[in-house]
Structure formats: C-alpha cells, structure tokens
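Notes to accompany the following structure.
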Amino acid sequence: MRVLGIESSCDETGVALVEAGPCGVPLLLGQALYSQIDLHQAYGGVVPELASRDHIRRVLPLLHQTMRQAGLTLGDVDWVAYTRGPGLAGALLVGAGLACALAAALERPALGIHHLEGHLLSPFLGEDPPEFPFLALLVSGGHTQLMRVAQVGRYELLGETIDDAAGEAFDKSAKLLGLPYPGGPHLAALAAEGNERAFKLPRPLLHSGDLDFSFAGLKTAVLTQVHKLGDQLTVRGADLAASTQAAIVDVLVAKSLAALEQTGLDRLVVAGGVGANSLLRQRLGQACKGMGVRLHYPDLSLCTDNGAMIALAAGMRLQAGLDKSGTGYAFDVRPRWSLSGLND
Ligand code: KG4
Ligand code: ZN
C-alpha cells in the first residue's frame, strides 16, 4: 500500500510517499520539503496568511519532486493522507484541499491525520523503531506533552504544558537574546559556547509532583536578565543562552523520568522539533541508560515537520484497521485538536 502524505500545518510544506506493507518495515519512497523560514524571518515569527499563500505556491512542485524521486506516477498512489490539525487553519486548508482534490481525481480514498500522531509515530520510519507500549515526549513549537502510547491510535495524556510549549520557550528566549527566527536551533548553537551555570534561572513546576510543564515564567526571567545585562548582552549572551537551554532541558528530562517511573514503561520516544536539541538528547541518553530505558528518536531529518510522518501515521492506522475507506471527498480541518480525543 502506497500512501502519499501532505503536511502544511505551519511553516513547512512537506510531501512524501511511504510504502506501508502489512508485515514489513515502512519504506520511505520519496520526500520533498520546503521550509518558509526565510519568508517569516523578517517578522520574527510565522505570519499565518503568508504561510497559507506560500503553501499554495510550493505544494504542487513538491508533489512532482516526490513522485520523481520515487520513480512512480500519481496512478501508483493508493491513499492520500494530509494533516487535518492541529495547526493554522488557512495553512491546513491548503494541504487538505489538495489532498482531497487529488484523491477524487485519482479515485482513491483520502485520510486526515493528527499532526502530533505523525510526530510520535515518526521513529517507526527509522532504523531502530520502538515496540509498544512506550512513553512519548512530544516537544514542538506548539506542544509539550507526555503521552502513554499503548498501540497505534491509543494515546493517553499524562501531562502537558499549562502555558508556553518547550519550543516556544526556546523561540521566545532566543528573540529576547536578539537571535533570528526560529530561535531554537540558534539558541542551541550559541549555548554551546556558554556556561550553563552562569545565570540562575527558574525550573518551573520541577517539583510540582505532577507531569505538567510551565515555561512562561522562564521567559520572564530571561527578559529580566536581558534588561539587567544591557550592553553586556553581547559578551554574556552565550552564557544566558546556555543557562536558558539548561533550564528547559532539566525540566523536560526530570518530567520524562518521573513519567517513566510512574508508568513503569521502559521505552521512551522523543519527537517534535525540540527533539533535535543535542543537550536534551545527551541528558536523556545518560539518564535513560542509568534506568535501563531504551530511547528512540526519529531520524534527525524527521524531527521537524515533514510529509513522511503523515504518510506513515496514515499507513499505520490503516494497517491497524482504525480507518476505513470513506465515501466522498468533503473535508474539514481542526486547528485545535487534542490527541487523546482522537477517537472521539
Ligand atoms: O515540530 P516542529 O518542527 O513544529 C511544530 O509542530 O511546532 O517544532 C519546531 C520547534 C521550534 O520551536 C524550533 O525552535 C524548535 O522546534 N527546535 C529546536 C531545535 N530545532 C528545532 N529547539 C531547540 N533546539 C533545537 N536544535
Ligand atoms: Zn510539528
């Protein structure tokens, strides 16, 4: 079964073709990705209307590129999957509209996928796929969640952020440090040259006893330090970046370990853009080794948004018998959509 996946929930247009056999390992046959970073950089964040318009411009060339790479034609596609939510409404509509039009023209079924389900199943496209059940730490620009994943489609929310997401904490702190959008990777690069003990920053909810997160206070603490530093920011920026990164990573690691202990699970999947952070990978690696927990990541290229994870999630859901071929090509998008309420 060949599944075409289209992702357009935010500022990346992703298209991919995945072969999902009933007993085999899923195979990535072709993929193409366009990141709108340059387009939004001048505004310091994603401008939804510009994002939607750019998805329209990019998605068809990316589709053709994917099919060329796979050496196949659109007639070889069995299912068309797209990101139905959560995300920016206008941006989601571009992918959903194209997917359903294409499916109708090809007389194939279309399937809307939850963006976060794509992220958390993405390690199944890698060389070291996890076994069920596992704990998933989902850390992206919009979400920070700990989920118990019993099976494909069975996700139990254990804890989540009550305000900013981890990626948002990276991005907003980076902005305060004068770094370009998206701040996460820039802040991480600057942090590599700094001393993480230079500034004492809060670790919100570290000892709250539950599995929830809060990052809004950290951003305020970074702002206070930036004001205090004034002109000194140019020479102390790396130290402040390192201290900020360490505060975010400390909380993510501590809560993940608490969730592993609480659930008794011995496998941890880290997915979403912040999963690309090397300090997080290093600290989680050390901690999991000590606990005898197997740690799984998607390939680095699949950490941030992409079409492959959408095609993969669709393929896995279909194999698990969770979705049936429907009739008609009407579609809607769900800009706000909880993963644990997926089957509601
Ligand atoms: O999953 P993703 O690509 O998009 C969303 O669904 O939100 O995640 C993007 C987020 C951004 O906040 C970005 O700054 C962050 O992931 N990010 C990183 C790194 N690479 C991407 N944060 C910290 N360190 C990184 N290396
Ligand atoms: Zn994402």
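The values are calculated or read from the model by the stated rules, or taken from the named source; none is laboratory data. The model shown is predicted, which means the values in this text are computed figures rather than measured ones. Because the Cβ atoms are built from the backbone with ideal geometry, glycine has one as well, and the counts that use them run over all protein chains shown. We work out accessible area using only protein heavy atoms, side chains counted, and drop any ligands, DNA or RNA first. Shrake-Rupley method; radii C 1.70, N 1.55, O 1.52, S 1.80 Å.
Tally up the carbon and sulfur contribution to the accessible surface of region 176-265 as a whole percent, 1.4 Å probe, everything protein left in place. Could you put the intermediate results ahead of the total?
Numbers: 2220 of 4160 Å².
Accessible surface attributable to carbon and sulfur in region 176-265 totals 53 percent.
Suppose we look only past 18 Å in the calculated P(r) of region 33-125. What percent of the Cα-Cα pairs does that tail hold?
Working: 2317 of 4278 pairs.
The proportion of pairs with Cα distances above 18 Å equals 54 percent.
On average, how much accessible surface per residue is there in the chain, in Å², for a 1.4 Å probe, leaving out ligands, DNA and RNA? All intermediate terms of the calculation are to be shown ahead of the outcome.
On the way: 14510 Å² over 344 residues.
I get 42 Å² per residue for this part.
If you fit an axis through the alpha-carbon atoms of helix 308-319 and take the longest principal axis of the Cα set of the chain, what angle between them do you get, 0 to 90°, nearest 10?
60 degrees
What does the accessible area of Met1 come to, in Å² to the nearest 10, when a probe of 1.4 Å is used?
Counting only protein heavy atoms, Met1 exposes about 70 Å² to solvent.
Using 0.36 nm per residue of separation minus the Cα-Cα distance, give me the extension gain between Asp163 and Glu131 in nm, one decimal.
On the way: separation 32, 0.36 × 32 = 11.52 nm, distance 3.14 nm.
Computed gain between Asp163 and Glu131 is 8.4 nm.
For the chain, with equal point scatterers placed on the C-alpha atoms only and solvent neglected, what are the log10 I(q)/I(0) values from the Debye formula at q = 0.06, 0.08, 0.14 1/Å, to two decimals?
Debye curve over Cα of the chain, log10 I(q)/I(0) at q = 0.06, 0.08, 0.14 Å⁻¹: -0.21, -0.38, -1.10.
Report the Cα centroid-to-centroid distance between region 201-240 and region 261-282 in angstrom, as an integer.
22 Å
Using a 1.4 Å probe on the protein heavy atoms, what percent of the accessible area of region 55-168 belongs to carbon and sulfur? Before the final figure, lay out the partial values.
Numbers: 2070 of 4130 Å².
Of the solvent-accessible surface of region 55-168, carbon and sulfur hold 50 percent.
Is the shape of region 1-158 best called rounded, prolate or oblate, per the rule: a/c under 1.5 gives rounded, else a/b larger than b/c gives prolate, else oblate, with a ≥ b ≥ c the square roots of the Cα gyration tensor eigenvalues?
Details: a/c = 1.77, a/b = 1.07, b/c = 1.65.
Judged from the Cα gyration tensor, region 1-158 comes out oblate (a/c at least 1.5, b/c at or above a/b).
Relative to the present Cα-Cα distance, how much length would full extension add between Gln282 and Ala89 at 0.36 nm per residue of separation?
Numbers: separation 193, 0.36 × 193 = 69.48 nm, distance 3.57 nm.
Once the chain is fully extended between Gln282 and Ala89, it gains 65.9 nm.
Considering only DSSP beta bridges where both residues belong to the chain, give the percentage that are antiparallel (nearest 5). Walk me through the numbers on the way to the answer.
Values: 26 of 43 bridges.
Close to 60 percent.
At 0.36 nm per residue, minus the direct Cα-Cα distance, what do Met1 and Ala150 gain on full extension? Give it in nm, one decimal, please.
Details: separation 149, 0.36 × 149 = 53.64 nm, distance 2.42 nm.
Extra length from Met1 to Ala150 when fully extended: 51.2 nm.
What's the lysine pair count for region 182-314 at a Cα cut-off below 24 Å, pairs eight or more apart or interchain?
Values: Lys200/Lys219; Lys200/Lys228; Lys200/Lys255; Lys219/Lys228; Lys219/Lys255; Lys255/Lys289.
The number of close lysine pairs in region 182-314 is 6.
Quote the FRET efficiency, to the nearest 0.05, computed for Asn343 versus Asn195 with a Förster distance R0 of 41 Å and r equal to the Cβ-Cβ distance. Walk me through the numbers before you get to the answer.
Values: r = 47 Å, r/R0 = 1.16.
After rounding to 0.05, the efficiency reads 0.30.
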